[in-house]
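Accompanying notes for the structure given below.
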Amino acid sequence: MPKRPTDHPADAASARNSSPASKPVLPPSPDTPTALLGNLTPSQFMRRYWQKKPLLIRQAIPDVEAPLSRDAFFELADRDEVEARLITHLRNKWQLEHGPFAPDELPSVKQRAWTLLVQGVDLYDDRARALLDRFRFVPDARLDDLMISYASDGGGVGPHFDSYDVFLLQVKGKRRWRISSQKDLTLQAGLPLKVLQNFEPEEEWLLEPGDMLYLPPHIAHDGIAEGECMTCSIGFRAPSASELTAQFLYHLAERGESAGNRGTLYRDPQQPAVERPAELPAALVERVGAILAAVKWKEQDIASFLGSYLSEPKPTVVFDPPHKPLSEARFIAQASKLGLRLDRKTNLLYNRRFFFVNGEEMSLNGTKKWLFDLANHRCMSAKRFVTLSHDSSMTARLHEWYRAGWIQVGELA
Ligand code: SIN
Ligand code: CO
C-alpha cells in the first residue's frame, strides 16, 4: 500500500525504532513540590486528589513537545501490532474503525471532527516512554500506558467516562475539556463507542500545550479540539474484581498450587445407573464443591500472581534481541563504560522475596542490591555496574536479559 509522504522522514523512521531521547527526567520524589502537579508534592497530590477529585494543572510541563510529529504518529497507526482507532463524528453520527490505517485510509487533516487514537505509544517510542516515566510517583503496578490522540478541528471521542485514573496532557494545539461529576452515567444505546446519553458539564477549560487535567474514574468528560491538536493520556490500570479472581484461580491451577487437591481426580464410585442421563447429578455438584472448598492459598501466592500478571507484557509486545549480540565479556566491558537501561517494553517489579520480569517470577536470593536499583531507576550507571560486576551471577543474568532484548547497553536511548 502506498505510504503517506512525510514532512518529517526522520521522525517517521524513529517511530519505527525509537526516537532519540534526551536525559530522562526522573519522577519527582514524594515530598518535593513539582510543576507537574501544580506545585503540589506527589504525596499531597495522592492524598488530596488521587482517586478523589479532578485537578487542572496549568503548565504542568512547560515547553512540552509531542513525542511524535503528526506524520510519525500516522505512520505508527499503520503498523499491524499497534492498537489504533479512528473515530469520526459527521452529521451527528459516531463511527469507529479499528486500525491499522494506511495513510490513504485516514481522512484529510483538513476534514473536521475526526480523531485517531493509538494505545501504548510508550512501547514504540522512547520519548513517549520517558513521558510516562514522569508519573512513576504512582507504583509501576498501576501504570498502564501512554495513549496519544490526534484530532482535527472539532474532533473528540464524545462525552464519556472511564473506569480508570487518567492524566490528560495537552502536547500540541488546543482542546476544550468539559467535565461533570454527574451520577447519571447512562450510555447512548446502539453506538459503536461509549457516549453518555445526558452530559451535564459543570466545569470547562481550554487546555493549551503543557496544560494537564487529572481525572479520577467515573468523572464524565468531553474534550473537543479547537484547531488540530494532540493529547497524551497517561492511564492507570484498574483490573476488575472478576478479572483478578479469574486470573488468580487460573494462576493457582497452572502452578498446581491448589493445595489440598494436589493429584485429586474426580471420582464417583457410588454413581448409580440413571434413567435421565441429561440430569446433572447432585452428588457431582457436592463433590466438586468439596474440591473447590479445599483450594487454599497464602499471601505469597497472591503476590506471585500479581507480580507475574502485572509484569506480563501486552500480547502484541515483541522484544528486539540484538542482531549480533556481544559476548558476555564484551557486554561486561561495554556496560562498564556506558551503563545499562531497561528496554522501554520491559516490566520489572519486585517484593520482599521475588522479582518479576516480563511475566516471569524469580527468587531474589542474593540479587537484591542491583535488582532494586535497576527496577526503580530503569537504568544502571556504568559506575554502579563496575562496582557490582565482580558478581558473576549478576553479569550472567544481565547478559541473558540483554540477549533477550530486555535490557540495552547505554543509560540513554
Ligand atoms: C482523547 O484524547 O481524545 C480522549 C482521551 C479521554 O477522554 O480519555
Ligand atoms: Co476518557
Seminar exercise, completed: Of the residues in segment 395-413, those that are out of contact with any Lys or Arg (no Cβ under 7 Å at 6 or more places or on another chain) and surrounded by fewer than 19 Cβ atoms within 10 Å (Cβ to Cβ) number 6
Problem set entry | Residue check for Gln51: in contact (Cβ under 8 Å) with a residue 12 or more places away in the chain, among the polar types (S, T, N, Q), surrounded by fewer than 20 Cβ atoms within 10 Å (Cβ to Cβ) and in contact with a Ser or Thr (Cβ under 7 Å, 6 or more places away or on another chain) | no
Exercise. From the list Val166, Val195, which residue is in the same structural domain as Arg47 (by TED's automatic domain parsing), over 23 Å from the mean Cα position of the chain (by Cα), within 29 Å of Arg70 (Cβ to Cβ) and within 12 Å of ligand 2 (Cβ to nearest atom)?
Worked result: Val195
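Please enumerate the residues belonging to segment 29-84 that are closer than 30 Å to Gly99 by Cα and polar (S, T, N, Q). Write out each step before concluding.
Within segment 29-84, the subset closer than 30 Å to Gly99 by Cα is 64-84.
Ser69 - this is the single residue of segment 29-84 that is closer than 30 Å to Gly99 by Cα and polar (S, T, N, Q).
Between Pro159, Pro107, which is within 12 Å of ligand 1 (Cβ to nearest atom), over 25 Å from Asp320 (Cβ atoms) and not aromatic (Phe, Trp, Tyr)? Quick ask: steps written out before the conclusion?
On the way: Pro107 fails: within 12 Å of ligand 1 (Cβ to nearest atom).
Sole residue among the options that is within 12 Å of ligand 1 (Cβ to nearest atom), over 25 Å from Asp320 (Cβ atoms) and not aromatic (Phe, Trp, Tyr): Pro159.
Listed here are the residues, each with its yes/no results for (1) within 12 Å of ligand 1 (Cβ to nearest atom); (2) at pLDDT 95 or above; (3) surrounded by 11 or more Cβ atoms within 10 Å (Cβ to Cβ).
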position: Glu203; (1), (2), (3): no, yes, yes
position: Leu213; (1), (2), (3): yes, yes, yes
position: Ala246; (1), (2), (3): no, yes, yes
position: Gly260; (1), (2), (3): no, no, yes
For this session: Report the residue count in segment 117-150 for those that are among the hydroxyl-bearing types (Ser, Thr, Tyr), within 16 Å of ligand 2 (Cβ to nearest atom) and closer than 20 Å to Asp320 by Cβ.
Result: 0
Exercise. If you go through segment 345-360 one residue at a time, do you hit one that is touching a residue at least 24 places away in the same chain (Cβ under 8 Å), part of a helix (DSSP H, G or I) and either within 29 Å of the chain's Cα centre (by Cα) or not assigned by TED's automatic domain parsing to the domain that holds Val82 (or both)?
Worked result: no
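Could you say whether any residue in segment 257-274 is closer than 28 Å to Val121 by Cα and of a type outside the set (A, V, I, L, M)? Give the derivation first.
Pass one, segment 257-274, residues closer than 28 Å to Val121 by Cα: none.
Checked against the condition, which is being closer than 28 Å to Val121 by Cα and of a type outside the set (A, V, I, L, M), segment 257-274 yields no hits at all.
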Exercise. What single numbered condition from (1) touching a residue at least 24 places away in the same chain (Cβ under 8 Å); (2) away from ligand 2 (no atom under 15 Å from the Cβ); (3) of a type in the set (Val, Ile, Thr) fails to hold for Thr245?
Worked result: (1)
Problem set entry | Failed criterion for Phe135 (all others in (1) among the hydrophobic types (A, V, I, L, M, F, W, C); (2) closer than 30 Å to Pro30 by Cβ; (3) within 9 Å of ligand 1 (Cβ to nearest atom) hold) | (3)
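Report yes if Arg127 is more than 11 Å from ligand 1 (Cβ to nearest atom), surrounded by fewer than 19 Cβ atoms within 10 Å (Cβ to Cβ) and under 30 Å from Leu37 (Cα atoms), otherwise no. Full working, then the answer.
Working: more than 11 Å from ligand 1 (Cβ to nearest atom): yes; surrounded by fewer than 19 Cβ atoms within 10 Å (Cβ to Cβ): no; under 30 Å from Leu37 (Cα atoms): yes.
In short, no.
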Problem set entry | Residue list for segment 179-188, filter: surrounded by fewer than 22 Cβ atoms within 10 Å (Cβ to Cβ) and either within 11 Å of ligand 1 (Cβ to nearest atom) or acidic (Asp, Glu) (or both) | Asp184
Exercise. If we scan segment 149-166, do we find a residue that is touching a helix residue (DSSP H, G or I) at 6+ places or on another chain (Cβ under 9 Å), closer than 26 Å to Pro103 by Cα and buried (at least 19 other Cβ atoms within 10 Å of the Cβ)?
Worked result: yes
Exercise. Tell me, which residue of segment 90-116 that is under 23 Å from Gln197 (Cβ atoms) and crowded, with 20+ Cβ neighbours inside 10 Å is nearest to ligand 2 (Cβ to nearest atom)?
Worked result: Thr115
Exercise. Failed condition for Asp153, given (1) closer than 30 Å to Pro313 by Cα; (2) away from ligand 1 (no atom under 12 Å from the Cβ), with all others met?
Worked result: (1)
Problem set entry | Candidate set from segment 215-232 (those that are surrounded by fewer than 22 Cβ atoms within 10 Å (Cβ to Cβ) and within 21 Å of Phe137 (Cβ to Cβ)); member that is farthest from ligand 2 (Cβ to nearest atom) | Pro216
Seminar exercise, completed: Flagged in segment 357-377 as buried (at least 18 other Cβ atoms within 10 Å of the Cβ), within 18 Å of Arg344 (Cβ to Cβ) and in contact with a helix residue (DSSP H, G or I) (Cβ under 7 Å, 6 or more places away or on another chain), in numbering order, are Val357, Asn358
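The values are calculated or read from the model by the stated rules, or taken from the named source; none is laboratory data. Just so it is clear, the structure is predicted and the values come from calculations on it, not from any experiment. Note that we place each Cβ from the backbone using ideal geometry, even for glycine, and neighbour counts take in every protein chain shown.
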